[in-house]
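Visitor: Just passing along the structure, written as structure tokens.
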Amino acid sequence: MKTISLNGKWKCKSDIENIGIQNKWYIPENYNLNDKNLKDIEIPKSFNFLNGFENFEGIFWHFYQFELNEEKDLKNNDYQIRFKGTNYNSKVWLNGRFLGEHNGGFTPFSFIVNNLIKERDNFLVVRIDNTRKKDQIPAIYFDWFNWGGIYRDVDLSILYKNRLNNVTIKTILITKQKSRIDVSYNIKGEISLKWQIFDDTKTYILYEGNVPERSGKGYFNLIINNPKLWSPNTPNLYYLRIYDISQKTEELLIFDTHFGIRQIEINGINLILNKEKIVLKGVSLHEEYMPYGRTIPHEKRKEDVLNFKSLGFNAIRTAHYSHDADLIDIADKVGILILEEIPVYWSCDFKNPQTYKTAANMLKELIWRDINHPSVIWWSVGNEVPLHNMACSKFIKSLMDLARKIDNTRIVTVVSRKLIPDLIRKSVDIATINSYFGWYFPHERMISFILDLIRTPVFNKPWIYTEFGAGAKYGFHADWDKQVKFSEEKQLQVLDYTIRTINSKDYFAGWFIWIYRDFRAPQRLNKFQKGYNRKGIVSEKNNEKKLIYYRIPKIINIKRKTYNTKILGILLWIISFPFSYLLFTRMMNQFLEHRVKKESF
Ligand code: GCU
């Protein structure tokens, strides 16, 4: 396989009247380089970086002319154009012909272009519309900036006709000293293959084998004794290469990736990594690093991950959508766990089958992109959705079933902010809670009792405190005892107390500070925020580290002495039961009276 980058100097123009399709902007004859509305843009880059379009939400057309630079060989090759990330609705044409469209802002998609691509003068056109809509995922309201455009790489892959799709590498620990590696795949065409597993220097072949001529689905496995396990502290990697040896003359490399031997499980209230209990100490991260926006250079992403590790974190929650695959590769190699999520966020059109299809497609695209990354240990199918609502619960439950069907080796959950039991907490692998004690509602000193209380009905599985935090404007200070909002002192007090309290709860398998870096949030406009969410432990300028940043290494593993309020929590539930029963029956009676009246007309 060969990949040609289509990054580089593109042209683009806005389409405020939405006339581009009817005026056929996508055919080469209508493309005029003297068009004064055409602007230069260095793809990958969001069009919100263009002067005058900083807050633009609407339609932008992108144009790119490129050569194939080699003779087209349709006998042996397929030609695929791939987009790693565009936001939100993307319609794509090549040489005047429509290839298709994609909805979603954070997962890869591609088109086979065999009959359209030429050896020279190819004209690629991409219409992107980032307008928020009720039936999209996410819908109208979300707490981040809606960067639009082609903000991740675009490339052209020249694929072998006979190849493998959906290669899945499952690593099962029979014991810590004995692992089984199951490799399964779908075959396009017919292939007899040879596989080799290399050590992490990619120099020595540790294991190899052959699979005779086959089509459809394929599978092979092997036992590795005394494996070098992958974990955040020991990010040991192996490399798998698969060759098509059906051509007598040559061996074609058709698959090549790193993988890690690790196993994530749940046992009672404990999260287990490689047969040992692990507690996640993490931080959430939006994919935004100014002045790059979402198009973050590799070395900046790596710098982030190394900073997280230096603070003592062992996990990152990629809020609230999948980040560039480069971050996941770095996490595999540097050693940090990743919790991924699709942006089914707050209120969506849960009754709309098309909306469900969009969410399901995103989930499939995410899982198939990252299924072989050892750092990824969980799929979250949403965040802070109205789980008391039946339609929403069915939507979320279907997504969780889909995630488990594709990948039964990782944790599947949804991130909840419900303090009272919701319909879904019974079905998640791990219970979650977002709650901002000490910020959105009274004092963080309530947290120990409230957590014991909400945990009571869901006592048989681990919990993760997925979001807690407090805003602080970098450089704004106030007296420690004054608890002044948006002061660095207040932020430190809230986070310090919360971390030490959760560390003392054995049923919490981890926690995640919201959030590492201040990020653009257009709705947040008070004098401290000015269009940013300020709950970061560093400002959007990155080198501005707030007081809590220096405190974290000192408290990350410290437990606060808490009183055991589990018994009190159980008693409260028992006492509250009659009241809730009376309330429920009263509501049912009112509902039935209303129904009777209605039907008696
Ligand atoms: C919510 C939500 C975040 C949001 C955060 C906040 O929990 O999940 O996306 O940014 O609260 O209010 O800062």
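The values are calculated or read from the model by the stated rules, or taken from the named source; none is laboratory data. All values derive from a computational prediction rather than experimental measurement. Heads up, the Cβs are rebuilt from the backbone with ideal geometry, glycines too, and the neighbour counts pull from every protein chain shown. All accessible areas refer to the heavy atoms of the entire protein, side chains included, with ligands and DNA or RNA removed. Shrake-Rupley method; radii C 1.70, N 1.55, O 1.52, S 1.80 Å.
Visitor: Can you tell me what share of the DSSP beta bridges in the stretch 278-600 is antiparallel? A percent to the nearest 5 is fine.
Guide: Working: 3 of 34 bridges.
Percentage antiparallel, nearest 5: 10.
Visitor: With each pseudo-label sitting 7 Å past Cα toward Cβ, what's the ASN226-ASP401 distance in nm, one decimal?
Guide: With each label placed 7 Å out from Cα toward Cβ, I get 4.7 nm.
Visitor: Right, something else. Students often forget the sequence filter, so: which aspartates and glutamates lie under 14 Å Cα-Cα from LYS188 once same-chain residues fewer than 8 apart are removed?
Guide: ASP78, GLU213, ASP244
Visitor: Could you calculate the contour length gain from ASN408 to HIS594, that is, 0.36 nm times the residue separation minus the distance between their Cα atoms, to one decimal place in nm?
Guide: On the way: separation 186, 0.36 × 186 = 66.96 nm, distance 4.59 nm.
Fully extending the segment from ASN408 to HIS594 adds 62.4 nm.
Visitor: Among rounded, prolate and oblate, which fits the stretch 454-601 when a ≥ b ≥ c are the square roots of the eigenvalues of its C-alpha gyration tensor, a/c under 1.5 means rounded, and a/b larger than b/c means prolate?
Guide: Numbers: a/c = 3.03, a/b = 1.67, b/c = 1.82.
Oblate shape, in that a/c is at least 1.5 and b/c is the bigger or equal ratio.
Visitor: Now for a different question. Using 1/(1 + (r/R0)^6) with R0 = 30 angstrom and r between the beta carbons of LYS309 and LYS36, what's the FRET efficiency to the nearest 0.05?
Guide: Numbers: r = 50 Å, r/R0 = 1.66.
Calculated value: 0.05.
Visitor: Report the label-to-label distance for TYR141 and ASN115 in nanometres (one decimal), using points 7 Å from each Cα along the Cα→Cβ vector.
Guide: Placing both labels 7 Å along Cα→Cβ, they lie 4.7 nm apart.
Visitor: What ranking, highest mean first, results for peptides 96-108, 493-505 when packing means the other Cβ atoms within 10 Å averaged over each residue? Display every interim value, and only then the final one.
Guide: On the way: 96-108: 19.3, 493-505: 21.5.
Per-residue Cβ counts within 10 Å, averaged per peptide and sorted highest first, yield 493-505, 96-108.
Visitor: Additional query: About the Cα centre of the chain, what is the dipole size in debye to 20, counting +1 per Lys and Arg Cβ and -1 per Asp and Glu Cβ, all else neutral? Don't skip to the end; give the middle numbers.
Guide: On the way: 88 positive and 66 negative charges, 378 e Å.
Here the size comes out at about 1820 debye.
Visitor: Roughly how many Å² is the accessible area per residue of the stretch 2-159, as a whole number, for a 1.4 Å probe? Please report the intermediate quantities before stating the final value.
Guide: Values: 6970 Å² over 158 residues.
The answer is 44 Å² per residue.
Visitor: Now for a separate question. Given LYS309/LYS559; LYS84/LYS490; LYS333/LYS554; LYS309/LYS541, which pairs have Cα atoms separated by over 30 Å? All intermediate terms of the calculation are to be shown ahead of the outcome.
Guide: Details: LYS309/LYS559 20 Å; LYS84/LYS490 40 Å; LYS333/LYS554 26 Å; LYS309/LYS541 20 Å.
Distance filter (> 30 Å) returns LYS84/LYS490.
Visitor: In the chain, with Lys and Arg counted as +1 and Asp and Glu as -1 at Cβ, which of these residues, ILE264, THR565, ILE245, has the Cα nearest the positive end of the dipole, that is, farthest along it?
Guide: THR565
Visitor: For the residue pair TYR581 and LEU423, what label-to-label distance in nm results when each label sits 7 Å from Cα along the Cα-to-beta-carbon direction?
Guide: Once both label points are built, they end up 2.4 nm from each other.
Visitor: Percent antiparallel among DSSP beta bridges with both residues in the chain, to the nearest 5?
Guide: Percent antiparallel among DSSP bridges in the chain is about 75.
Visitor: Classify the stretch 163-262 from the C-alpha gyration tensor, please: rounded if a/c falls under 1.5, else prolate or oblate depending on whether a/b exceeds b/c.
Guide: Numbers: a/c = 2.26, a/b = 1.79, b/c = 1.27.
It is prolate, given that a/c is not under 1.5 and a/b is the larger ratio.
Visitor: Same structure, new question: To the nearest 20 Debye, how big is the dipole of the stretch 163-262 about its Cα centre, given +1 on the beta carbon of each Lys and Arg and -1 on that of each Asp and Glu?
Guide: Values: 14 positive and 10 negative charges, 83 e Å.
Roughly 400 debye, rounded to the nearest 20.
Visitor: Could you let me know the centre-to-centre spacing of the stretch 515-561 and the stretch 396-464, using Cα atoms, in angstrom?
Guide: A separation of 24 Å, based on Cα centres.
Visitor: Work out from phi, with θ = phi - 60° and the Karplus expression 6.51 cos²θ - 1.76 cosθ + 1.60, the ³J(HN,Hα) of each residue of the stretch 168-181, listed in order in whole Hz, and give x for Gly and Pro.
Guide: With coefficients 6.51, -1.76 and 1.60, one gets 10, 10, 9, 10, 10, 8, 5, 9, 5, 9, 9, 10, 10, 10 Hz.
Visitor: Something else about it: What does the extension gain come out to for ILE16 and ILE574, with contour length at 0.36 nm per residue minus their alpha carbon separation? Walk me through the numbers before you get to the answer.
Guide: Numbers: separation 558, 0.36 × 558 = 200.88 nm, distance 5.96 nm.
That works out to 194.9 nm of additional length.
Visitor: So if I place +1 on the C-beta of Lys and Arg and -1 on the C-beta of Asp and Glu, and nothing else carries charge, what would the dipole magnitude of the stretch 277-394 be about its Cα centre? I want it in debye, nearest 20. Show your work: numbers first, answer last.
Guide: Values: 14 positive and 15 negative charges, 71 e Å.
It works out to roughly 340 debye.
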